[in-house]
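S.K.: Structure in structure tokens, see below.
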Amino acid sequence: MNVNQQSHLPTSYMQPQPGGYQQPNYAGQQMPGGPQYPGYNGSLQGYSQHAPTSQGFLSSSGFPIKGSPDSFTSGTSSPVTSDYLGHVGVPPVSAAPTIAGQSLPAEQQQYTHYGQGDIQNGPTSGANQMQRPPMTMRYMQPGTGPQAASFQPYTPSSTGTQQQQLTNQMMGMHIGNPAASAQTSSTTIYGGQNPLQPSSGNFPTAGSGFQPSYSNSQGHPPINLTQGMPPTSLPQSQPPHQRFASGPPPQNLPSSQAPAFPPPSAAQVPSYVSSSGGPLQGQIVPAPPLSHPNHAPPTQAQPPMPGVPLMPTMSGPQGPPPHMPSSQDGFPPQQNGSFGQVRGPQPGYPMTYPRAPNYGTQPGPQGPPAPPPAAQKKLDPDSIPSPQANELPSQQKTRHRIDPDAIPSPIQVIEDDKNNRGSEPFITGQRGQVPPLVTTNVLVKDQGNASPRYIRCTSYNFPVSSDMAKQSQVPLAAIIKPLATLPPDEVPACLIDHGETGPIRCNRCKAYMCPFMQFIEGGRRFQCCFCSCVTEVPAHYFQHLDHTGRRVDCYERPELSMGSYEFTATVDYCKNNKIPNPPAFIFMIDVSYNAVKSGLVALVCEELKQLVDYLPREGNMEESIIRVGFVTYNKVLHFYNVKSTLAQPQMMVVSDVSDMFVPLLDGFLVNVNESRPVITSLLDQIPELFADTRETETVFAPVIQAGLEALKAADCAGKLFIFHTTLPIAEAPGKLKNRDDKKLINTDKEKILFQPQTNFYNNLSKDCVAQGCCVDLFLFPNQFLDVATLGVVPFQTGGSVYKYTYFQPETDQERFLNDLRRDVQKEVGFDAVMRVRTSTGIRATDFFGAFYMSNTTDVELAGLDCDKTITVEFKHDDKLNEETGALIQCAVLYTSCGGQRRLRVHNMALNCCTQLADLYRNCETDSLINYFAKLAFRGVLSNPIKAVRDTLINQCAQILACYRKNCASPSSAGQLILPECMKLLPVYLNCVLKSDVLQPGAEVTTDDRAYIRQLVSSMDVADSNVFFYPRLLPLSKMDPSNDCLPVSIRSSEERLSKGEVYLLENGLNLFIWVGANIQQSLIQNLFDVSSFSQIDCSMSALPVLDNPISNKIRGIITMFRAQRPRYMKLIIVKQDDKIELLFKNLLVEDKTMNGGASYVDFLCHMHKEIRQLLS
């Protein structure tokens, strides 16, 4: 939109305009409708229009950013293009410009954007600036007068009235006395005030003629506000001086030139202020360090810095605004990915970019050192050229977008946490202690609270009342992983056997003995820490108390001194009061045409021959007691008798799938060692038996029913491993039809795609859970398979789904076999029931994960493995006590793989607070995002996607608005102030919103979305962290002799260099991205070929080469795979290859092809939401 276009400010923010001074469209003028911007959940009709900020431009104006993917409306009436990013401000003026090319004195150089210790990902400012493309409009040179004829709408009717109008518009502007200019100061933000910038009373009182005066000693007159953004470009069809010379521009611009969706702006992210540091923004002066984490930037007066040239005063419109690159294009990225040039100050912008507080001293480089700046070789076709950088006065060389390095960096937060907390063990003895981040590898010592590997909380300091919780909107939840695997150097949960009497429990609430129980009356009784009931101590458990009131044997008993431990359960805790039989594994193999032809049947049978020797067993057992059985199926089921006394296995066929039964009892479930020869013979014969099959149809529900009936007949719990390839369309119970319909996407009926076709599978799940029959499903689809329906039974029984689309043994065999081996061998509990007890004041109200619930308190799992998490949300039912805190006890009753009934208990003591600041200081963003993702992914089952996205954004905006309102020191509304421990909430939330479930790309299938939805629902915090914000490592510059990993870089294309190799992981896949300019020696050492063009992208593993680089990178890949529950497939991506789109989709700080917002844009959007809530 042209800056000269007439529009009207909201009357509440302006005086009646005298004739002759036309208002440019930079106030609250509503922009017209257009298609909604999907990344932002639709239109923003409800947003209130804010007063102009101290810069004199609307707080929602902004920074031109390249190619906004779509537009959204703001309830308006003129066309909005997809590439415009908001209204523009008062044009930069030409008063008292500094001399072009003037170098900065040393005092000012310290305020350059990159502070000491920073690595700049791109050319440095100053002499190394990249040149901007030439353009046709001439900039006024210092000393030239304004060309009044060119821009008549800006002609003031009188100096006095013009000055009065400007004063009225620029609400929040610091108006000072010129005489006191050296003493006054305010906090300048893009919409607020500036911490250190001296103010000189730029706008004298009315009637003064608006002529600034300043002494020589002041240097250039300082300015205490940031002016409006430079206007967007005019259409190129005419020379600039001819356009609209005789009046305002036409109101209706063509859509290709019309503005689009609100950009980073004064209102949106004028500045970022972490609660532990000064403001961060595109351009601000750094604040001094703050002494308190929740202290806002100081606003007391600061004298101007001696010898630093300051900005000229804005003395009214004095000429045409400089012609800037269009908002459609922004600046083309530099060759190494850094955006734009680092330029000198521009009129109205405070100094150069400061370095970002709290993000300055990176422990390692964030990407490669910048190469010498190359000339821009290509521009976008629509790009409007700009003046050369060296032709501009120094004030006009500036950035035009929020600097990504000035907003919170996930990598910096992760690295800081590693440096600050990675070297010391985390000791759990203290109540309410926030653990290190999941990305920090630290030794945990259990001294009374459960390890964060077992339980992580969204906050470790709960508000004392429900009103406080509602005010903050921070969800109070625990992500619990009851059977988590610990590293070898940590002590596993101790097993306690109290004999026939069983565990000591509270008489009333049945809580188990734990370190927080209070012994009284000399140790003869104990008071429950959960319900305060007093219970007699059994005679065999009695012990005296010491002078502090603790039992003298407390350190000898794990249940009195540790947060996590296990009890051996008595027969009272067993089903039907009977010790359980050993569990069983049943392998059920699809032998339809697709499965046989793809080589899957032969592959599974060959692998099972070895795998049955590695079934899970108790630590001290010589062999596993788990029994095994085998079934094959297509339209009918084949059971196999592999009894040890048989010379050859026997097949029995059940063709009546409508009434499933097991045709044999003896010989179906057998001990592996006893029946080894028969099992081996069977697995050799199965591929041959079905080699010539022509049967393409399969059944599915009867397969599960058969496994369930077999476990019932054997009276044991167990697990079914089902290998399935096609949609079950054969006539049978649970028959499905192809209902894949892309037309439902982005409609209210989209939720149907996530729901099961039929309730049959829900009922089947209920039967499976009652028996302790867990289902793990391995899918090999070539087309739609309806994962949303087939996954119901695995999900509700605590099982897993693995999916290998277009399975080909050459490329997918390694991943499938590793997944199968780990799935069969991992620790698992059967027939499990979990209950979470809490102290008075809170209670568990909601549960997320892969399980079944028949009542409101008990989480039932037919199987519970070491990877599964259950997320529990808590609500207040009374007031909490700040002194006693809040207690959580999670108890899981399960049958071990050795057939023993056990109770795993985890305890967690949390603080309680009456101040919101304490709540915000003790939150954990990774856990919050884990909770929000699960909440949203469950929400899509019953709500339109847009409603789910809006709910997420709204709740997070409320959390941050509450902090801003109640915890941050008063400051300009233009500042975005984030709590220190939640400063990554916007970037991570944006990643959740851009996930395939909530915003699918065109290539994402319905099955993919259902698969991801189910997968994330039982993910732990470490896996969800890397899934939503992938880890990206530069490999080229690392030292092969050093054991340390290279420091990750931010997940953005701007960070990539053509001469580098990068490794990206998201927990499901590994990508190696190879830049086109990679060194030939590195190609040879890594891929064993001599040139970039010879690299084979179809390879699924790096060649094994005996050189340090190859060894190091293969070692990193192996280490990453060992850290994740699923084997990550390796994908080689060459720059500009077709598959690169898949890789770029995981660069989550960038815009996505399907309309997902960039980090910067979303941060601005969140700020707009927060300001709306605060207003």
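S.K.: Residue by residue through segment 410-428, note down the ones that are of a type in the set (Val, Ile, Thr) and surrounded by fewer than 18 Cβ atoms within 10 Å (Cβ to Cβ).
M.R.: Ile427, the sole residue that qualifies.
S.K.: Looking at segment 838-856, can you tell me whether even one residue there is under 14 Å from Cys457 (Cβ atoms), touching an Asp or Glu at 6+ places or on another chain (Cβ under 9 Å), open to solvent by 10 Å² or more (accessible area, probe 1.4 Å) and without any contact (Cβ under 8 Å) to a residue 40 or more places away in the chain?
M.R.: Checking segment 838-856: at least one residue is under 14 Å from Cys457 (Cβ atoms), touching an Asp or Glu at 6+ places or on another chain (Cβ under 9 Å), open to solvent by 10 Å² or more (accessible area, probe 1.4 Å) and without any contact (Cβ under 8 Å) to a residue 40 or more places away in the chain.
S.K.: Quick check: anything in segment 871-885 small (Gly, Ala, Ser) and under 29 Å from Ile586 (Cα atoms)?
M.R.: no
S.K.: A further question on this structure: Would you please list the contacts, defined by Cβ atoms under 8 Å and residues six or more apart or on different chains, that run from a residue in segment 807-821 that is touching a residue at least 12 places away in the same chain (Cβ under 8 Å) to a residue that is open to solvent by 50 Å² or more (accessible area, probe 1.4 Å) and part of a helix (DSSP H, G or I)?
M.R.: Arg821/Tyr614
S.K.: Mind listing whichever residues of segment 495-523 are exposed (fewer than 13 other Cβ atoms within 10 Å of the Cβ) and in a loop (DSSP other than H, G, I, E, B)?
M.R.: Passing the criteria: Asp497, Asn507.
S.K.: Something else now. Kindly provide the set of residues from segment 915-950 that are open to solvent by 10 Å² or more (accessible area, probe 1.4 Å) and in contact with a strand residue (DSSP E or B) (Cβ under 8 Å, 6 or more places away or on another chain), ordered by number.
M.R.: Leu916, Asp918, Arg921, Asn922, Asp926, Leu935, Arg938 - these are the residues of segment 915-950 that are open to solvent by 10 Å² or more (accessible area, probe 1.4 Å) and in contact with a strand residue (DSSP E or B) (Cβ under 8 Å, 6 or more places away or on another chain).
S.K.: Counting only residues that are assigned to a loop (DSSP other than H, G, I, E, B) and acidic (Asp, Glu), which one in segment 1001-1023 is nearest to Gly799 (Cα to Cα)?
M.R.: Asp1020
S.K.: The conditions are (1) at pLDDT 95 or above; (2) acidic (Asp, Glu); (3) closer than 30 Å to Gln1079 by Cα, and Glu1054 fails exactly one of them. Which is it?
M.R.: Condition not satisfied by Glu1054: (1).
S.K.: Restricting to segment 583-602, name every residue that is under 39 Å from the mean Cα position of the chain (by Cα) and within 26 Å of Leu711 (Cβ to Cβ).
M.R.: Those that are under 39 Å from the mean Cα position of the chain (by Cα) and within 26 Å of Leu711 (Cβ to Cβ): Pro583, Ala584, Phe585, Ile586, Phe587, Met588, Ile589, Asp590, Ala595, Leu600, Val601.
S.K.: Let me ask something else about it. Going by what's in this entry, would Pro492 be described as without any contact (Cβ under 8 Å) to a residue 12 or more places away in the chain, open to solvent by 30 Å² or more (accessible area, probe 1.4 Å), part of a loop (DSSP other than H, G, I, E, B) and more than 24 Å from Ala850 (Cα to Cα)?
M.R.: Yes: the conditions hold for Pro492.
S.K.: Out of Leu1146, Leu1130, report the one residue that is touching a residue at least 40 places away in the same chain (Cβ under 8 Å), in contact with a helix residue (DSSP H, G or I) (Cβ under 8 Å, 6 or more places away or on another chain) and on the phi < 0 side of the Ramachandran plot.
M.R.: Leu1130
S.K.: Still on this model: So which of Asn738, Asn746, Asn762 is part of a loop (DSSP other than H, G, I, E, B) and either under 20 Å from Glu860 (Cα atoms) or touching a Pro at 6+ places or on another chain (Cβ under 8 Å) (or both)?
M.R.: Asn746
S.K.: Of all residues in segment 694-708, how many are open to solvent by less than 20 Å² (accessible area, probe 1.4 Å) and farther than 17 Å from Ile626 by Cα?
M.R.: Selection size over segment 694-708: 8.
S.K.: Would you mind telling me which numbered condition in (1) touching a Phe, Trp or Tyr at 6+ places or on another chain (Cβ under 8 Å); (2) farther than 23 Å from Ser800 by Cβ; (3) among the charged types (D, E, K, R) Glu709 fails?
M.R.: Only one criterion in (1) touching a Phe, Trp or Tyr at 6+ places or on another chain (Cβ under 8 Å); (2) farther than 23 Å from Ser800 by Cβ; (3) among the charged types (D, E, K, R) is unmet by Glu709, namely (2).
S.K.: Here's another thing I want to ask about it. Within segment 544-560, identify whether any single residue is in contact with a Cys (Cβ under 7 Å, 6 or more places away or on another chain), among the hydrophobic types (A, V, I, L, M, F, W, C), surrounded by 14 or more Cβ atoms within 10 Å (Cβ to Cβ) and in contact (Cβ under 8 Å) with a residue 60 or more places away in the chain, and answer yes or no.
M.R.: No: segment 544-560 contains no residue that is in contact with a Cys (Cβ under 7 Å, 6 or more places away or on another chain), among the hydrophobic types (A, V, I, L, M, F, W, C), surrounded by 14 or more Cβ atoms within 10 Å (Cβ to Cβ) and in contact (Cβ under 8 Å) with a residue 60 or more places away in the chain.
S.K.: Would you mention how many residues in segment 639-676 are of a type in the set (Ser, Thr, Tyr) and out of contact with any strand residue (DSSP E or B) (no Cβ under 7 Å at 6 or more places or on another chain)?
M.R.: Total satisfying the criteria: 4.
S.K.: Within the set of pairs 6+ apart or on separate chains, which have a first residue in segment 1155-1170 that is touching a residue at least 60 places away in the same chain (Cβ under 8 Å), a second that is open to solvent by 10 Å² or more (accessible area, probe 1.4 Å) and acidic (Asp, Glu), and C-beta atoms under 7 Å apart?
M.R.: Listed pairs, sorted by first residue: Gly1155/Asp70; Ser1158/Glu1149; Ser1158/Asp1150; Tyr1159/Glu1149.
S.K.: Taking segment 1035-1093, which residues are open to solvent by 50 Å² or more (accessible area, probe 1.4 Å), among the acidic types (Asp, Glu) and either under 23 Å from Asn441 (Cβ atoms) or touching a Phe, Trp or Tyr at 6+ places or on another chain (Cβ under 6 Å) (or both)?
M.R.: Asp1039, Asp1043, listed by residue number.
S.K.: Name the strands (runs of 3 or more DSSP E) wholly inside segment 627-698 in which the number of residues that are modelled with pLDDT of 95 or more and among the hydroxyl-bearing types (Ser, Thr, Tyr) is 2 or more.
M.R.: By residue number, 627-633.
S.K.: If you don't mind, there's one more thing I want to ask. Anything in segment 620-635 that is surrounded by fewer than 22 Cβ atoms within 10 Å (Cβ to Cβ) and either touching a Pro at 6+ places or on another chain (Cβ under 9 Å) or among the hydroxyl-bearing types (Ser, Thr, Tyr) (or both)? List them, or say none.
M.R.: Ile625
S.K.: Quick one: in segment 572-608, of everything that is open to solvent by 10 Å² or more (accessible area, probe 1.4 Å) and in contact with a Gly (Cβ under 9 Å, 6 or more places away or on another chain), which residue is farthest from Gly829 (Cα to Cα)?
M.R.: My answer is Asp572.
S.K.: So, one more: For segment 486-504, give me the residue count where each residue is within 30 Å of the chain's Cα centre (by Cα) and within 12 Å of Pro558 (Cβ to Cβ).
M.R.: 0
S.K.: Any residue in segment 526-543 that's in contact (Cβ under 8 Å) with a residue 60 or more places away in the chain: show its pairings with residues that are among the hydrophobic types (A, V, I, L, M, F, W, C) and open to solvent by 20 Å² or more (accessible area, probe 1.4 Å) at Cβ separation under 7 Å, as long as the two are six or more apart or on different chains.
M.R.: Cys529/Phe516; Phe530/Cys509; Cys531/Cys509
S.K.: Filter segment 1002-1016 down to residues that are open to solvent by less than 10 Å² (accessible area, probe 1.4 Å) and either among the small types (Gly, Ala, Ser) or within 15 Å of the chain's Cα centre (by Cα) (or both), then give me how many there are.
M.R.: 2
S.K.: Can you name every one of the strands (runs of 3 or more DSSP E) wholly within segment 833-930 that holds 3 or more residues which are of a type in the set (A, V, I, L, M)?
M.R.: Passing ranges, in order: 859-865, 886-895, 901-913.
The values are calculated or read from the model by the stated rules, or taken from the named source; none is laboratory data. Nothing here was measured: the structure is a model prediction, and the numbers come from that model. When we count neighbours, we look across all protein chains shown, and the Cβ atoms used for this are built from the backbone with ideal geometry, even at glycine. Ligands, DNA and RNA are excluded from the accessible area calculation, which covers all protein heavy atoms including side chains. Shrake-Rupley method; radii C 1.70, N 1.55, O 1.52, S 1.80 Å.
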